Every structure is written in C-alpha cells, then in structure tokens.
Amino acid sequence: MSILVVGSVALDTVETPFGRVTNALGGSATYFSVAASLFAPVSVVAVVGTDFPAEHLDFLGSRGIDLSGLQVQSGESFRWSGRYGFDLNQAETLDTQLNVFAAFHPHLPSAFADAEFVFLANIDPELQLEVLEQIPNAKLRALDTMNFWIESKRAALARTMSKVDVITMNEAEVRQFAGTSSLIAAARTILSLGPKALVVKKGEYGCTVFGPEGFFFTPAYPLEEVRDPTGAGDSFAGGFIGYLAKSKTITDGTIRRAVVHGSVVASFTVEDFSINRLRQVSPAEVARRYDEFRNFVHFDGP
Ligand code: AMP
C-alpha cells in the first residue's frame, strides 16, 4: 500500500564530535521517504528552492520515490543547522531558515487523494493540517513534530495532533508539550487529544509505545559507533510506517514488529552523516538486523 509524506526536504549543516557536513541532503521527508521506500512505494509533498541540487532529486527518484508533489519554487531551500555534543541524544539547533517553506501551501496531485498511509513529518503544523484535509480516506494518519513547533505554533499543533491516529515524538518533546516530567502522565495528556497511539522516541535508549493494548518497550539496536544522529527519528518513522503499509494490517502484533523495523532502519541512518549509510541499506540487511534484535530482547518464562 502506498505512503504519502509531507515534511521538509532540506540542506543540513551538521556538526558532531565525529565530523561535520555543510548543505548535505536532509529534511524530515527525505529521511522518512528513503527509509519507507525499503518497504512500500512513497510519494512526497514538499517544496525546494531553485538552489536545490538536481543530483539529490535524481537520487530520490532512483529509489522509486514519487516526486510529483514536490514543488520547485524560486528562492532558497529550507536549511537547518545543528550541533551535537558527546550526548548524541540532544540536538542543539543553531539555525532554521524556512525559506521557500514560509509561503508554501501543499496542493496534492489528484492521484495522491487515495493515499492510505499518511505521515505528517516534522514541518509547520498548519501545513500538516492542510495535507490532512486533502486525504479524507486515509487508513492511518501519523504525525511527528519537534520543539521548534511546540514553541512557535502550539495551538495549531494541538489541533493537528487531535486529527491523527499515531504520534511519534522525542521523550523531551513529549514532556515539553504536556508540561510534566512524568512520561506516563504526558502520554495520557497527548492521547486525550484523540490519537490511538503515541510512540515516544528515546534515542539510544529505544522507544515506548503507549497504545490501546497498553505499553510496548524496545531498546535501540546496540551500535558501537554513532557518527550523526540526525534523521534517526524520521527514518524510524519511515521503517515503522513502511512496515505497516507493507503488512496492510494494523494490529498490536504488526505495530510491535513495525516499531522494531523502525529501530533497525534508524540504526543504519546514524552510522554516518546525512543519508550516506541509509542510502546503501538493502532489505536483506534490514532483515538480518531484525533477527539479531529479536535475539537481544527475547526471554522465556520461569
Ligand atoms: P530528526 O529525525 O528529528 O533528527 O530530524 C532531522 C531533520 O529534521 C533534519 O534533516 C532537518 O532538516 C529537519 N528539521 C530540523 N528542524 C526542522 C523544522 N523546524 N521543521 C522541519 N524540519 C526540520
């Protein structure tokens, strides 16, 4: 089943203790779509400026990603610049330039109206809502966001959150949004807006799902070397939604397996800057790490 994503397609400047890249391919929709395309066909709704390198679009097209909803407008592309210290769970945003996103309004090609799995990746919540309104028949609507939007567009964000089925958010952002340090209380606040499930991402410590069947916890895939955590959350979402779209059913069991697939795909992303590692990953490598993951977390009864 096909997947639709709206989010940023960006040029990122990122510094970690292990290196630095300038104007590298990034953006929430980019990481998501490259990850999800390992499982199912993906269409992107976004905008880039005329400065956006053609080679990046050629690469996304070569992955079978449908770019007919990607507008190219005169002006500069979205740019994000961030830094990480040795605690790679904590990104410090140095600069966010919305550029062509500031005046962007998504117009979905008519072929996209039947999309069944929709991911509203990190972007202005008003744009997320505009997309949602154009796909009334979606089977699963999921949303991700970050502190930038919690601080600048909280009311619009809460409105969009109330119209989706699943929310994925970082632990710190869940606490920030709900205004409490208790994750369980914060999850209750967010679920009271309307979504059926909340996936709380905890970086190298894994994630917790708060869903209709209760809790589900997973660790992250253990890696000895992480070079750049940028895009981990979006590629987690790509693996998660991609797996659900491929399975065609949404049950407690498929959600659990989808979360682990998301964790596996994210583990590749963080091994290098930008999408340098993610772009090389094959479905066979994903399957191998998934099997290892099962062994890591398996235990028998007494
Ligand atoms: P994450 O998966 O959370 O590490 O997301 C990283 C990506 O989010 C980067 O490639 C950035 O280009 C993008 N990003 C950062 N800030 C924003 C923002 N305010 N809106 C949309 N995308 C953003």
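The values are calculated or read from the model by the stated rules, or taken from the named source; none is laboratory data. On a predicted model such as this, the values are computed, not experimentally measured, just so you know. All Cβ positions, even for glycine, are placed from backbone atoms using ideal geometry, and neighbour counts span all protein chains on display. Ligands, DNA and RNA are excluded from the accessible area calculation, which covers all protein heavy atoms including side chains. Shrake-Rupley method; radii C 1.70, N 1.55, O 1.52, S 1.80 Å.
Computed quantities for the displayed model
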item	result
Residue 160 touching a helix residue (DSSP H, G or I) at 6+ places or on another chain (Cβ under 8 Å), closer than 24 Å to residue 96 by Cβ, modelled with pLDDT of 95 or more and open to solvent by less than 40 Å² (accessible area, probe 1.4 Å)	yes
Single unsatisfied condition, residue 148 versus (1) open to solvent by 30 Å² or more (accessible area, probe 1.4 Å); (2) more than 21 Å from residue 124 (Cβ to Cβ); (3) within 16 Å of the ligand (Cβ to nearest atom); (4) not polar (S, T, N, Q)	(2)
Test result for residue 209, β-branched (Val, Ile, Thr), out of contact with any Pro (no Cβ under 9 Å at 6 or more places or on another chain) and within 16 Å of the ligand (Cβ to nearest atom)	no
Selection count where residues are more than 21 Å from residue 236 (Cβ to Cβ) and within 15 Å of the ligand (Cβ to nearest atom), scope the range 20-50	6
Count - residues of the range 1-19 that are more than 10 Å from the ligand (Cβ to nearest atom) and surrounded by fewer than 21 Cβ atoms within 10 Å (Cβ to Cβ)	6
Residue tally, condition over 26 Å from residue 247 (Cβ atoms), surrounded by fewer than 23 Cβ atoms within 10 Å (Cβ to Cβ), of a type in the set (Gly, Ala, Ser) and touching a Phe, Trp or Tyr at 6+ places or on another chain (Cβ under 7 Å), over the range 20-59	1
Set 264, 286: member being β-branched (Val, Ile, Thr), closer than 30 Å to residue 13 by Cα and without any contact (Cβ under 8 Å) to a residue 60 or more places away in the chain	264
Filter pass, residue 175 being in a helix (DSSP H, G or I), over 25 Å from residue 34 (Cα atoms) and in contact with a Ser or Thr (Cβ under 9 Å, 6 or more places away or on another chain)	yes
Segments classed as helices (runs of 4 or more DSSP H), wholly inside the range 186-302, with at least 1 members that are within 19 Å of residue 118 (Cβ to Cβ)	232-247, 252-269
Some residue of the range 66-82 being in a helix (DSSP H, G or I), farther than 26 Å from residue 263 by Cα and within 16 Å of the ligand (Cβ to nearest atom)	no
The range 169-218: number of residues that are over 12 Å from residue 259 (Cα atoms) and either open to solvent by 40 Å² or more (accessible area, probe 1.4 Å) or more than 19 Å from the chain's Cα centre (by Cα) (or both)	29
Where a residue in the range 213-231 is more than 15 Å from residue 264 (Cβ to Cβ) and its partner, wherever it lies, is part of a loop (DSSP other than H, G, I, E, B) and of a type in the set (A, V, I, L, M), with Cβ under 6 Å and at least six apart	229/88; 229/270
Residue in the range 108-127 that is in a loop (DSSP other than H, G, I, E, B), out of contact with any helix residue (DSSP H, G or I) (no Cβ under 8 Å at 6 or more places or on another chain) and open to solvent by 50 Å² or more (accessible area, probe 1.4 Å) present	no
